Amino acid sequence: MLVRIAVDCANGAYAGLAVTICRALAGGLPSRPSPRVMAIAFVLTVAYGTSDELHQMFVPGRSPDVYDVAADAAGAAVGLIACWAWGIIRALG
């Protein structure tokens with residue numbers, strides 16, 4: 001149960017990071033992010049998650065896990081999909 005809560009929190013954190021990077025690269029909130037900007041935001045977010053896992057090699061009691069990187073990537077994807085959907089909804093409204 002606690003592991004699932006930790007994964008959900010990590011997904012939320014990486015979703016937020018991906019959206020923040022995407023909005024920064026797109027030039028702020030009013031502009032709609034392009035697929036290129038979203039891809040760059042995804043790559044940067046996953047790279048950060050990967051570096052976080054690599055740093056865990058040096059922390060006693062922790063170890064890197066490829067499944068954690070996959071969970072981070074899933075969180076980033078969810079955040080970017082939400083950002084993309086919000087851009088469409090805003091354009092229609």
Relative to the Cα centre, what is the charge dipole magnitude of the stretch 10-69, using +1 at the beta carbon of each Lys and Arg, -1 at the beta carbon of each Asp and Glu, and rounding to the nearest 20 debye?
360 debye
Roughly how many nanometres apart are two label points built 7 Å out from the Cα toward the Cβ at residue 66 and residue 32?
3.8 nm
Quick one: with all protein chains in place, what share of the accessible area of the chain is carbon or sulfur, to the nearest percent (1.4 Å probe)?
73 percent
Taking a probe of 1.4 Å and leaving out DNA, RNA and ligands, the chain shows per residue an accessible area in Å² of 65 Å²
Based on the mean of other beta carbon atoms within 10 Å per residue, what is the order of 41-53, 68-80, most packed first?
68-80, 41-53
Let me have the 222 nm mean residue ellipticity of the chain computed from DSSP H runs of 4+ only, each contributing -39500 (n - 2.57), with the sum over all residues rounded to the nearest 500.
-27500 deg cm²/dmol
Using only the Cα atoms of the chain, what are the Rg and Dmax in Å?
14.6, 51
Just need the relative contact order of the chain here, percent rounded to a whole number, with Cα pairs under 8 Å and 6+ apart.
41 percent
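The values are calculated or read from the model by the stated rules, or taken from the named source; none is laboratory data. Small disclaimer: the values here were computed from a predicted structure and weren't measured. Every residue, glycine as well, gets a Cβ built from its backbone with ideal geometry; the counts of neighbours run over all protein chains shown. All accessible areas refer to the heavy atoms of the entire protein, side chains included, with ligands and DNA or RNA removed. Shrake-Rupley method; radii C 1.70, N 1.55, O 1.52, S 1.80 Å.
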